[in-house]
Every structure is written in C-alpha cells, then in structure tokens.
1. Can you tell me the dipole magnitude for segment 39-141 around its Cα centre, using point charges on the Cβ only (Lys, Arg +1; Asp, Glu -1), in Debye to the nearest 20?
2. Determine the relative contact order of segment 40-141: mean sequence separation of Cα pairs under 8 Å and six or more apart, normalised by residue count, in whole percent.
3. At a 1.4 Å probe radius, which order do D127, D43 fall into by accessible area, largest first?
4. On average, how much accessible surface per residue is there in segment 40-89, in Å², for a 1.4 Å probe, leaving out ligands, DNA and RNA?
5. State, to one decimal in nm, how far the label point of I119 lies from the label point of R102, with both points 7 Å from Cα in the Cβ direction.
6. What's the carbon and sulfur percent of segment 41-140's accessible surface, probe 1.4 angstrom, rounded to a whole number?
7. Can you pull the one-decimal nm distance between simple spin-label points at D43 and I57, each 7 Å off the Cα toward Cβ?
8. What whole-number value in Å² describes the accessible area per residue of segment 99-141 for a 1.4 Å probe?
Amino acid sequence: GLTAESAALAIAAEIEEPRLEQAALLYRAQILLEARRPREALDPIAQAAVELSRDGIRVNCYCPHTIRTPMVEGLFAKAPDPEEAMAKHVRTALVRRFGTPREVGNLICFLASREAAYINGVSIPIDGGTLAWRGTVDQLS
C-alpha cells in the first residue's frame with residue numbers, strides 16, 4: 001500500500017508517479033517555478049476534477065517548492081558558494097528550511113486517503129509559506 005515512506009522514497013528518487021491505491025489522481029506541478037500566472041495553471045486541475053467526478057475520481061494537485069532531494073542538492077552544488085546559495089534560497093520560506101521528501105509523501109498519502117474524500121479540484125502548495133508572501137525571513141526580524 002501507499003505509505004509516507006514509499007511516497008517519500010519515490011519523490012527522493014524523482015519518480016513522477018508513485019503507485020496509489022485510491023481513485024484520487026495527483027498531479028505533480030511546479031507551478032511556483034513555471035507559471036507566470038498561477039491561477040491559469042490551476043484551471044486544468046479544476047477542469048479535470050469536473051470531468052472525472054462522474055466516475056467518482058477526485059483530482060488534486062500538490063505543488064512542492066524546493067524539496068531536499070539529490071537533484072536539488074546537485075543543482076546547488078554547481079553554485080560558486082553552494083552553502084550560501086542554499087541559505088539564500090531557504091530565507092524565502094517562512095519555515096526557514098527546505099522541505100523533505102517525507103513531508104511531500106505525507107501530503108500525498110493524505111490526499112489519497114479516505115480522510116481527504118471531500119477534497120477535490122484543488123492545488124495545495126507545499127512550500128514552507130513561500131507562496132504566502134514575496135520576501136525573505138530577514139524582513140521579519
């Protein structure tokens with residue numbers, strides 16, 4: 001079955017679609033990085049939810065920001081000062097750290113669970129509060 005551990009492992013290995021037992025469809029989106037106007041990027045999720053609702057299928061989207069995976073660490077390793085580049089990036093998240101694959105896995109498990117049966121047609125950012133504002137934590141001090 002789907003567990004937080006298996007979902008986290010799939011994300012850490014950068015596998016796009018972990019196996020799901022529920023009829024919920026989960027779309028992995030990089031809306032925070034790719035969409036100029038996030039509202040337009042979300043419309044396909046709502047449209048898919050409407051179209052698939054007659055078959056009892058829920059459609060939800062999880063939108064991770066920077067999750068600490070080997071790929072992300074490799075990207076930062078290419079910076080002239082990798083530690084400073086990571087520290088600068090982390091300052092844009094209200095929780096002051098990178099997300100973990102386990103945290104994304106927990107969200108996926110919740111969205112695929114019976115507890116989330118009434119959640120449909122939404123995109124949920126998992127970004128440490130980055131989307132909630134456009135600043136750095138230095139401004140909060």
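The values are calculated or read from the model by the stated rules, or taken from the named source; none is laboratory data. Note that this is a predicted model, so its numbers are computed, not measured. Heads up, the Cβs are rebuilt from the backbone with ideal geometry, glycines too, and the neighbour counts pull from every protein chain shown. Keep in mind that these areas ignore ligands, DNA and RNA; they rest on the heavy atoms of the full protein, side chains included. Shrake-Rupley method; radii C 1.70, N 1.55, O 1.52, S 1.80 Å.
1. Dipole size: approximately 160 debye.
2. Computed value for segment 40-141: 41 percent relative contact order.
3. Ranked list, largest accessible area first: D43, D127.
4. 58
5. That separation, rounded to one decimal, is 1.9 nm.
6. 58
7. With each label point 7 Å from Cα toward Cβ, the separation is 2.2 nm.
8. Heavy-atom accessible area per residue stands at 58 Å².
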